[in-house]
Amino acid sequence: MKFTKMHGAGNDYVYINGFEEQVADPVILAQRVSNRNFGIGSDGLILILPSELADVKMRMFNADGSEAEMCGNGIRCVAKYAYDHGLVKKQQIEVETASGVLPLQLFIGASGLVERVQVNMGTPRLKRAALPMIGPPEEQAVAIKLPVDDGEIEVTCVSMGNPHCVVFVDDVEQCDLELIGPLVEKHDWFPNRINVEFVQVVNSKEVIQRTWERGAGETLACGTGASAVTVAGVLTGRTDRKIVNHLRGGDLQLEWLEDGPVMMTGPAVEVFSGEFNPR
């Protein structure tokens with residue numbers, strides 16, 4: 001089976017061209033290819049497939065085999081692969097995801113290949129029912145107290161097609177993600193688990209983010225998470241609508257437009273291609 005390894009700001013996935021390859025069991029395959037010692041090594045698996053609704057379709061599986069609704073860094077790489085490998089021949093495309101069809105703008109470099117991609121991440125969903133999260137379905141979870149162990153932490157929860165719990169901290173480097181991340185991810189309040197963002201505000205236009213991804217652990221970047229952070233920063237009065245988010249794998253430019261959607265712009269990089277025995 002042929003594959004391509006790609007990353008968006010260090011958030012790396014194994015990509016399979018579903019126009020040419022057949023994947024019998026993506027859950028098991030995701031677990032195998034993601035293993036960094038015995039597989040290819042990645043945060044998960046993304047299938048690029050034909051679509052009846054858009055130019056291409058993506059299905060995204062975390063390293064543990066669980067399927068996620070969307071991936072902001074992953075979708076940029078889907079767009080790059082589709083253009084660079086001739087699946088599409090235009091710079092404005094649409095990608096079907098489990099959370100809907102998203103429009104993307106491709107920026108071509110001097111080499112003729114895609115270097116950056118802007119994604120319309122859609123309108124954030126703030127009601128508890130959209131996450132999902134226990135409690136009154138129509139209520140928003142903005143700056144609420146989440147009980148964790150013997151204490152509590154302030155969180156703001158946002159769905160960007162997949163669920164995120166944003167935690168603002170004084171210093172992200174002092175956060176014990178290995179301890180707190182799983183406790184929040186698997187908290188009883190989130191029946192489908194949740195992604196967790198730990199965020200340090202530098203100023204009203206700049207933040208630093210570390211990410212604990214549902215089903216993957218700490219990753220170098222998370223595009224939907226960075227979008228959720230943009231929304232949470234505005235809702236809690238910490239940041240402007242347009243910010244730069246510094247993630248461990250690189251920077252993302254984000255803006256929560258007044259009419260609703262979050263726009264995210266960032267890099268997409270092809271690392272290498274190869275063949276993998278799926279058996």
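The values are calculated or read from the model by the stated rules, or taken from the named source; none is laboratory data. Please read these numbers as outputs of a predicted model, since none were measured by experiment. Please note: Cβ atoms are built from the backbone with ideal geometry, for glycine as well, and neighbour counts cover all protein chains shown.
Just checking, does the range 267-279 include any residue being within 29 Å of Pro137 (Cα to Cα) and either assigned by TED's automatic domain parsing to the domain that holds Phe61 or modelled with pLDDT of 95 or more (or both)? Write out each step before concluding.
First, the residues of the range 267-279 that are within 29 Å of Pro137 (Cα to Cα): none.
No, the range 267-279 contains no residue that is within 29 Å of Pro137 (Cα to Cα) and either assigned by TED's automatic domain parsing to the domain that holds Phe61 or modelled with pLDDT of 95 or more (or both).
The set of residues from the range 236-245 being out of contact with any Phe, Trp or Tyr (no Cβ under 7 Å at 6 or more places or on another chain) and without any contact (Cβ under 8 Å) to a residue 24 or more places away in the chain comprises just one member, Gly237.
Test of understanding: among Gly72, Gly109, which residue is closer than 24 Å to Leu247 by Cβ, surrounded by fewer than 14 Cβ atoms within 10 Å (Cβ to Cβ) and not polar (S, T, N, Q)?
Result: Gly109 is the single residue among Gly72, Gly109 that is closer than 24 Å to Leu247 by Cβ, surrounded by fewer than 14 Cβ atoms within 10 Å (Cβ to Cβ) and not polar (S, T, N, Q).
When restricted to residues that are in contact (Cβ under 8 Å) with a residue 40 or more places away in the chain and farther than 14 Å from Val158 by Cβ, the range 180-192 contains 5.
Within the range 35-64, the set of residues being polar (S, T, N, Q) and in contact (Cβ under 8 Å) with a residue 40 or more places away in the chain comprises Ser51, Asn62.
Taking only the range 182-211 into account, find how many residues are of a type outside the set (A, V, I, L, M) and not in a strand (DSSP E or B). Total satisfying the criteria: 12. For the range 194-235, the tally of residues that are closer than 16 Å to Ala63 by Cα, surrounded by 18 or more Cβ atoms within 10 Å (Cβ to Cβ) and in contact (Cβ under 8 Å) with a residue 60 or more places away in the chain stands at 9.
Against the definition (at pLDDT 95 or above, closer than 30 Å to Pro26 by Cα, in the same structural domain as Gln200 (by TED's automatic domain parsing) and surrounded by 15 or more Cβ atoms within 10 Å (Cβ to Cβ)), how does Leu254 come out, yes or no? No, not satisfied.
Within the set Val201, Val229, Val234, the sole residue that is farther than 23 Å from Arg128 by Cα and touching a strand residue (DSSP E or B) at 6+ places or on another chain (Cβ under 9 Å) turns out to be Val201.
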